[in-house]
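Quick notes on the structure that follows.
The values are calculated or read from the model by the stated rules, or taken from the named source; none is laboratory data. Since this is a predicted model, take the numbers as computed values, not measurements. Cβ placement follows ideal geometry from the backbone for every residue including glycine, while neighbour counts extend to all protein chains displayed. Side chains are part of the model used for accessible areas, which takes the heavy atoms of the whole protein and leaves out ligands, DNA and RNA. Shrake-Rupley method; radii C 1.70, N 1.55, O 1.52, S 1.80 Å.
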Amino acid sequence: MDSKSQTITPIAVAQTPYRDKFGIPRQPNLVSKAIGKIWLNAPYNQAEALAGLEAASHIWLIWGFHKAPPGQTRLSSRPPRLGGNEKLGVFATRSTHRPNGLGLSVVELIEVNLEPTPHLVVGGIDLLDGTPVYDIKPYLPYVDRVNSASHDWAEEAPQKLTVVATPQFVASFLALKSEVEMSLIEEVVSFDPRPAYHRDQPERVYHVRLCDLDVGFRVDDNSRQATLTNVIHSTEGDH
Ligand code: SAH
């Protein structure tokens, strides 16, 4: 192997509620109800590869932005947290357009399971369904939790929207008998998935796809309220 580049191969694949990139929270751990499974690939799909991992409450996932739009890596991007108006260097952001297309997420390790094949159950995941995972490491609080750490413009989690549902939405949701919990829908929408440049269209209906559902919602920026308007079964997605 040459010392300058190396080939990496997925060791696992993520199964998550997110069927579309739209709607995925912009960082992990925001939506605690987003439960996913990390299915190990051969030859790592054996008890030996996971022995002892259960000691960790959280793990790091190193994964691939495999559905990022193709094209050149950009040297800069406009983080949604800054309203999409300010351009920052690629290495100053967590943008998906980056040189080696690698994502990094801390997630809660809920369970290590060996049946039917070895997999991890994780909480607070921010990966698209079907995302390749390149490595898994335990989160070590004594080094990874830096008490003195700070960040000038992303110190706190983003402000959440209040989420309400129309009676029609509630009736359709109950009739569909999906495995998706209402609390997952509310959490996802509360983090306002809309792109920054759309935020002046209160009548516009946006759609997020979670597991087998397509959820429609609109947002009133004056009251900072999102309204769930309609929900249907949907099995399509960009995964
Ligand atoms: N926690 C990660 C992700 C930050 S970017 C990191 O810091 O590296 C977050 C965005 O990644 C989400 O809004 C989602 O739309 C996008 N995303 C998630 N999985 C993806 C995938 N497989 N391909 C492309 N984009 C993905």
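Test Val122 against the stated conditions and say whether it is assigned to a strand (DSSP E or B), touching a residue at least 40 places away in the same chain (Cβ under 8 Å) and within 12 Å of the ligand (Cβ to nearest atom). So Val122 fails the test.
For the stretch 12-29, does any single residue satisfy the condition of being closer than 30 Å to Pro69 by Cβ and free of Cβ contacts under 8 Å to residues at least 40 places away in the same chain? So far as the stretch 12-29 goes, no, none of its residues is closer than 30 Å to Pro69 by Cβ and free of Cβ contacts under 8 Å to residues at least 40 places away in the same chain. Checking each residue in the stretch 192-208 for being more than 17 Å from the chain's Cα centre (by Cα) and modelled with pLDDT of 95 or more picks out Val205, Tyr206.
Evaluate the following for Val31: is it β-branched (Val, Ile, Thr) and over 16 Å from Gly130 (Cα atoms)? In short, yes.
Entry remark, the stretch 184-215: residues being touching a residue at least 24 places away in the same chain (Cβ under 8 Å) and either part of a strand (DSSP E or B) or more than 15 Å from Leu161 (Cα to Cα) (or both) number 11 in total. Scan the stretch 209-219 and give yes if some residue there is of a type outside the set (D, E, K, R), surrounded by fewer than 14 Cβ atoms within 10 Å (Cβ to Cβ) and either under 23 Å from the mean Cα position of the chain (by Cα) or modelled with pLDDT of 95 or more (or both), otherwise no. Among the residues of the stretch 209-219, not one is of a type outside the set (D, E, K, R), surrounded by fewer than 14 Cβ atoms within 10 Å (Cβ to Cβ) and either under 23 Å from the mean Cα position of the chain (by Cα) or modelled with pLDDT of 95 or more (or both), which makes the answer no.
Quick check on the stretch 157-191: of everything there that is of a type in the set (Ser, Thr, Tyr) and closer than 30 Å to Ser77 by Cα, which residue is farthest from the chain's Cα centre (by Cα)? Per the stated criteria, the residue is Thr162.
Only a single criterion out of (1) modelled with pLDDT under 95; (2) more than 10 Å from the ligand (Cβ to nearest atom); (3) not β-branched (Val, Ile, Thr) is not satisfied by Pro80, namely (2).
Within the stretch 143-160, identify whether any single residue is surrounded by 16 or more Cβ atoms within 10 Å (Cβ to Cβ) and at pLDDT 95 or above, and answer yes or no. No, there is no match, as no residue in the stretch 143-160 is surrounded by 16 or more Cβ atoms within 10 Å (Cβ to Cβ) and at pLDDT 95 or above.
If only residues of the stretch 7-18 that are within 11 Å of the ligand (Cβ to nearest atom) and not in a loop (DSSP other than H, G, I, E, B) are counted, the one that is farthest from Arg194 (Cα to Cα) is Val13. Within the set Lys33, Lys21, the sole residue that is closer than 30 Å to Val205 by Cα, open to solvent by 80 Å² or more (accessible area, probe 1.4 Å) and within 16 Å of the ligand (Cβ to nearest atom) turns out to be Lys21.
Condition check ((1) of a type in the set (S, T, N, Q); (2) within 11 Å of the ligand (Cβ to nearest atom); (3) open to solvent by 40 Å² or more (accessible area, probe 1.4 Å)) across all residues:
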{"position": "Lys4", "(1), (2), (3)": "no, no, yes"}
{"position": "Trp39", "(1), (2), (3)": "no, no, yes"}
{"position": "Ala68", "(1), (2), (3)": "no, yes, no"}
{"position": "Asn85", "(1), (2), (3)": "yes, no, yes"}
{"position": "Thr93", "(1), (2), (3)": "yes, yes, no"}
{"position": "Ile110", "(1), (2), (3)": "no, no, yes"}
